1. Scan region 39-50 residue by residue and report those that are at pLDDT 90 or above and loosely packed, with under 14 Cβ neighbours inside 10 Å.
2. Does any residue in region 29-52 that is free of Cβ contacts under 8 Å to residues at least 40 places away in the same chain and closer than 18 Å to TRP16 by Cα come within less than 6 Å, Cβ to Cβ, of a residue that is open to solvent by less than 60 Å² (accessible area, probe 1.4 Å) and of a type in the set (Val, Ile, Thr) six or more places away or on a different chain, and which pairs are these?
3. Considering only region 44-68, how many residues are in contact with a Pro (Cβ under 8 Å, 6 or more places away or on another chain) and hydrophobic (A, V, I, L, M, F, W, C)?
4. Among the residues of region 5-57 satisfying the criterion of being aromatic (Phe, Trp, Tyr) and in contact with a Cys (Cβ under 9 Å, 6 or more places away or on another chain), which is farthest from TRP67 (Cα to Cα)?
5. If I ask for residues that are assigned to a loop (DSSP other than H, G, I, E, B), under 17 Å from the mean Cα position of the chain (by Cα) and not small (Gly, Ala, Ser), which ones from region 40-68 would you list?
6. Picking from ILE17, ILE37, which residue would you name as being part of a helix (DSSP H, G or I) and among the hydrophobic types (A, V, I, L, M, F, W, C)?
7. Is at least one residue of region 15-38 at pLDDT below 90, open to solvent by 60 Å² or more (accessible area, probe 1.4 Å) and of a type in the set (A, V, I, L, M)?
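The values are calculated or read from the model by the stated rules, or taken from the named source; none is laboratory data. Worth saying up front: this structure is predicted, and the values here are computed from it rather than measured. Note that each Cβ is placed from the backbone with ideal geometry, even for glycine, and that neighbours are counted across all protein chains shown. Just so you know, the surface numbers come from the protein's heavy atoms only, side chains and all, with ligands and any DNA or RNA stripped out. Shrake-Rupley method; radii C 1.70, N 1.55, O 1.52, S 1.80 Å.
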Amino acid sequence: MEDKDGMSTANSQSKWIESTFNDNRKFIFIAKIDNQIVGMCNISPISNKTRFIHRGDIGISVLKQYWG
């Protein structure tokens, strides 16, 4: 679910994280520096079909101060 500006809500993000942790085909990686989360990467399959089992989507987020 998104708010009026098209941004994800905290509730929708929480549900997405929970569903990802409950699916052994999806992964979330967290990057931390000095115990602060500075980045995240998620990997998930694009399809459940056998012929696409080797393909997936990747999302990467990094705090702007750590770009480059």
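1. Within region 39-50, just ILE46 meets the criteria.
2. ASN42/ILE28
3. Qualifying residue count, region 44-68: 2.
4. If we filter region 5-57 for residues that are aromatic (Phe, Trp, Tyr), which is where we start, we get 16, 21, 27, 29, 52.
From what's left, in contact with a Cys (Cβ under 9 Å, 6 or more places away or on another chain): 27, 29.
Numbers: PHE27: 22, PHE29: 17 Å.
If we take residues in region 5-57 being aromatic (Phe, Trp, Tyr) and in contact with a Cys (Cβ under 9 Å, 6 or more places away or on another chain), then PHE27 is farthest from TRP67 (Cα to Cα).
5. First, the residues of region 40-68 that are assigned to a loop (DSSP other than H, G, I, E, B): 46-49, 53-55, 63, 67-68.
Now drop any that are not under 17 Å from the mean Cα position of the chain (by Cα), which leaves 46-47, 55, 63.
Across region 40-68, the qualifying residues are ILE46, ARG55, LEU63.
6. On the way: ILE37 fails: part of a helix (DSSP H, G or I).
Answer to the selection: ILE17.
7. yes
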